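The values are calculated or read from the model by the stated rules, or taken from the named source; none is laboratory data. Note that the coordinates shown come from a computational prediction; the quantities given were computed from them, not determined experimentally. Methodologically, a virtual Cβ is constructed for each residue, glycine included, from the backbone with ideal geometry; neighbour enumeration extends over all protein chains shown.
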Amino acid sequence: MSAFLELVKNRRTQYAIGNNTELSNEEIATRITDIVRDVPTASNSQTTRVAVVFGDKHVQLWDHILDVQKDVLEGPMWDMMSGVMEGAKAGVGTVLFFEDLDAVEAMPTSPSRVEVYKQNNQANTQYAVWLGLTDLGLGGSLQHMNVGYEQGFDKSVKELLGLPERWELQAQMPFGSIEGENAPKEYIADSERVVVLGN
Ligand SMILES: Cc1cc2nc3c(=O)[nH]c(=O)nc-3n(C[C@H](O)[C@H](O)[C@H](O)COP(=O)(O)O)c2cc1C
């Protein structure tokens, strides 16, 4: 199997994360920066912004998210997701993914394409960073904790971390050392997902 395919297969959602790594924060941040720089974006618009949050700030971030979510999530959803959020705090850090709305609005394309390209730019970055963390031997998960500027949640996150007001929070990726087994994963038939045509 090629090293790339192995990396793709090894990337899994990992909720059980810890702080057992020899990697320095600087090494992790440098790797993420190197990846983000080369992620392709529509018309090379480079709309995505990433904040890599470590240590005290990482714990403060998840305490804040827990505080917000306790008023949003209910019943079994709270039971499940509060465990994920508490688990995140045990990790090394969190990658926060944003879109810079000034850069999004400046994309040289029709308004109807802007939202599509924004989401595609964002997804490319999220997946590349997730693979990059896997490549470093780290695990993590992709979270959408109360994402939505309409709820005002990203405003308080940006205030907490001193980030620009025009950055719109899209997702959170808590990461750390891998401390659990991969959950089983079901796959639909390849033929439903990939069609090969021509000869
Ligand atoms: C667009 C997208 C949104 C996701 N949102 C969440 C989320 O909010 N919380 C979560 O725990 N996992 C989330 N995930 C992770 C998926 O549930 C997970 O990738 C999927 O079940 C496949 O498992 P795997 O990552 O182990 O391959 C998301 C994944 C994607 C691609």
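Name every residue in region 1-50 that is among the aromatic types (F, W, Y) and surrounded by 12 or more Cβ atoms within 10 Å (Cβ to Cβ), in order of residue number.
Passing the criteria: only Y15.
Out of (1) within 10 Å of the ligand (Cβ to nearest atom); (2) under 16 Å from the mean Cα position of the chain (by Cα), the odd one out for L136 is which?
Here L136 clears every test but (1).
Select, from V84, V68, the only residue that is under 17 Å from the mean Cα position of the chain (by Cα) and either closer than 24 Å to S156 by Cβ or surrounded by 15 or more Cβ atoms within 10 Å (Cβ to Cβ) (or both).
On inspection, the qualifying residue turns out to be V84.
List the number of the failed condition for T94; all other conditions in (1) among the hydroxyl-bearing types (S, T, Y); (2) within 21 Å of L142 (Cβ to Cβ); (3) touching a residue at least 40 places away in the same chain (Cβ under 8 Å); (4) surrounded by fewer than 16 Cβ atoms within 10 Å (Cβ to Cβ) hold.
Evaluating T94 over (1) among the hydroxyl-bearing types (S, T, Y); (2) within 21 Å of L142 (Cβ to Cβ); (3) touching a residue at least 40 places away in the same chain (Cβ under 8 Å); (4) surrounded by fewer than 16 Cβ atoms within 10 Å (Cβ to Cβ) leaves (4) as the failure.
Could you pull out the residue among A128, A88, A106 that is in contact (Cβ under 8 Å) with a residue 12 or more places away in the chain, among the hydrophobic types (A, V, I, L, M, F, W, C) and away from the ligand (no atom under 14 Å from the Cβ)?
The conditions single out A106.
Looking at (1) among the aromatic types (F, W, Y); (2) away from the ligand (no atom under 16 Å from the Cβ); (3) at pLDDT below 95, which is the one condition that is false for W78?
The number of the failed condition is (2).
Which of the residues belonging to region 141-164 are acidic (D, E) and either surrounded by 16 or more Cβ atoms within 10 Å (Cβ to Cβ) or at pLDDT 95 or above (or both)?
Correct list: D154 only.
Limited to region 27-54, what total is found for residues that are farther than 19 Å from D135 by Cβ and either touching a Gly at 6+ places or on another chain (Cβ under 8 Å) or assigned to a helix (DSSP H, G or I) (or both)?
Qualifying residue count for the region: 4.
Cβ-Cβ below 8 Å, separation at least six or inter-chain, first residue in region 28-46 and more than 17 Å from V95 (Cα to Cα), second hydroxyl-bearing (S, T, Y): which pairs?
T41/T47; T41/T48; T41/Y117; A42/T109; A42/Y117; S43/T109; S43/Y117; S45/Y117
Are there any pairs, at least 6 apart or on different chains, whose C-beta atoms fall under 9 Å, with the first in region 7-22 and touching a residue at least 24 places away in the same chain (Cβ under 8 Å) and the second assigned to a helix (DSSP H, G or I) and loosely packed, with under 14 Cβ neighbours inside 10 Å, and if so, which?
Y15/G83
Just to be sure before I move on: is L138 at pLDDT 95 or above, of a type in the set (A, V, I, L, M, F, W, C) and buried (at least 16 other Cβ atoms within 10 Å of the Cβ) in the structure I sent?
Taking the combined requirement at face value, the residue satisfies it.
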